[in-house]
Amino acid sequence: MLAKGPHVIQLMEELAPKHYAVPDDKIGLQLGTLSKEIKNVLIALDVNDEVADEAIRIGANLIIAHHAIIFRPLSHLQTDTVAGRLYEKLIKHDIAVYIAHTNLDVAVGGVNDMMADAIGLRGLAPLERLHTDKLKKIVVFVPEEHLEPVRQALFKAGAGSIGAYSHCSFHTAGVGSFLPEAGSAPFIGTQGKLEHVNEVRLETIVPQSLEKKAIQAMLKVHPYEEVAYDVYTLDLPGRSLGLGRVGKLPEPMALDALCELVKAAYNVPAVRLVGDKQRLVQKIAVLGGSGGRYVKHALFAGADVLITGDIDYHTAQDAEAAGLCLIDPGHNVEKILKHGVAEYLRGKLQEKKSATGVFESEVNTEPFQFV
């Protein structure tokens, strides 16, 4: 069975919630409709004429891309312009375009985590903190024999993580009482008779971003017609989320060796370098896209190197004077998201037994050539 458009986007927004995006970022559905079954999804960095042709060729009626195709308000839609011809082609072939940009940069498991993981960074933290994912406590009362299915459903939905520990919960035994009224269909007991049942109070914590998902998962496996549960907001710091990542290599390495690692990990033929090639470095900051304005953030974080794209001349001079090395592999390294997002979405759809296919764009949208 094919997945519906809203369901595919729901899965995408579980990875990259829209509220993670920076203000005024152009994200979400930009063209077409999601009110349809999705045959195939194409994951792309950019959407241009070649990518649109690729989508047509593979039968994709949804493109999920990183960079917006409508960035400024349109004053007209003329189909004899480059942009107009692209929009016309997409509309004629019923191809919707959905954008996940800075929300995917910020997301756990998003672009910046993919970049950091690709070069083996550990102990990651955001380079610029934008959000704190507040913690909630879920308390639910469960019949003893149904404790494990409910607990595992909560864990699978993302509950129960505290720092580097997962599957965290606490439960205590007790006795629940209830009287099924007229019109009820009790799992235990009969209408009009007061019941006493051996129950367990199960409690765990969940980030606010996963609260709805966790509650839905719990309700789905809970045996009761009416589930007794509570949700509390905790006065505790949750996970910090933001742009970029800073972490450490397993061992120090020479800067020129790091350049070779970056070229291999990000599949780029060359990088621009600021710094002594023989300098040993270990604490590394990465930021996908254009990150010149994050030099100060990298310095404040104590990074030896900032890896990002679109570094300008004067920013490079300032970083060099401050003792920060720079590796510029280009803006296009964000293409790493194509494989990561496709793997994520493909796995989620397979879990749902969906026949919707997910493909990585094979079009190279890098405008620069190295000669």
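The values are calculated or read from the model by the stated rules, or taken from the named source; none is laboratory data. Note that this is a predicted model, so its numbers are computed, not measured. All Cβ positions, even for glycine, are placed from backbone atoms using ideal geometry, and neighbour counts span all protein chains on display.
Values for this structure:
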read-out: Residues that are charged (D, E, K, R), closer than 22 Å to L104 by Cα and surrounded by fewer than 21 Cβ atoms within 10 Å (Cβ to Cβ), drawn from segment 308-342; value: D310
read-out: Wholly enclosed helices (runs of 4 or more DSSP H) of segment 237-329 bearing at least 3 residues out of contact with any helix residue (DSSP H, G or I) (no Cβ under 7 Å at 6 or more places or on another chain), small (G, A, S) and modelled with pLDDT of 95 or more; value: none
read-out: Qualifying residue in segment 184-207 (condition: under 29 Å from K18 (Cβ atoms), touching a residue at least 12 places away in the same chain (Cβ under 8 Å) and among the acidic types (D, E)); value: no
read-out: Residue match in segment 10-20 (condition: touching a residue at least 60 places away in the same chain (Cβ under 8 Å), of a type in the set (K, R), loosely packed, with under 15 Cβ neighbours inside 10 Å and assigned to a helix (DSSP H, G or I)); value: yes
read-out: Subset of segment 61-110 [surrounded by fewer than 23 Cβ atoms within 10 Å (Cβ to Cβ) and of a type in the set (D, E, K, R)]; value: R72, D80, R85, E88, K89, K92, D94
read-out: Number of the exception - S354 against (1) under 19 Å from the mean Cα position of the chain (by Cα); (2) modelled with pLDDT of 95 or more; (3) not assigned by TED's automatic domain parsing to the domain that holds L124; value: (1)
read-out: Scope segment 59-82; condition closer than 27 Å to E13 by Cα and either free of Cβ contacts under 8 Å to residues at least 12 places away in the same chain or in contact with a Cys (Cβ under 7 Å, 6 or more places away or on another chain) (or both); matching residues; value: R72, P73, L74
read-out: Top-ranked residue of segment 35-58 - restricted to ones that are surrounded by 19 or more Cβ atoms within 10 Å (Cβ to Cβ), in contact (Cβ under 8 Å) with a residue 60 or more places away in the chain and in contact with a helix residue (DSSP H, G or I) (Cβ under 6 Å, 6 or more places away or on another chain), ranked as farthest from T356 (Cα to Cα); value: L45
read-out: Selected residue (criterion: modelled with the lowest pLDDT) from residues of segment 141-168 that are under 20 Å from P237 (Cβ atoms) and of a type outside the set (A, V, I, L, M); value: G163
read-out: Any helices (runs of 4 or more DSSP H) falling wholly within segment 82-192 and containing at least 3 residues that are under 23 Å from L241 (Cα atoms), acidic (D, E) and not assigned by TED's automatic domain parsing to the domain that holds I70; value: none
read-out: Number of positions in segment 149-172 that are more than 17 Å from I215 (Cβ to Cβ) and touching a strand residue (DSSP E or B) at 6+ places or on another chain (Cβ under 6 Å); value: 4
read-out: One residue from L2, L77, L15, L31 being within 19 Å of V358 (Cβ to Cβ) and out of contact with any Lys or Arg (no Cβ under 8 Å at 6 or more places or on another chain); value: L15
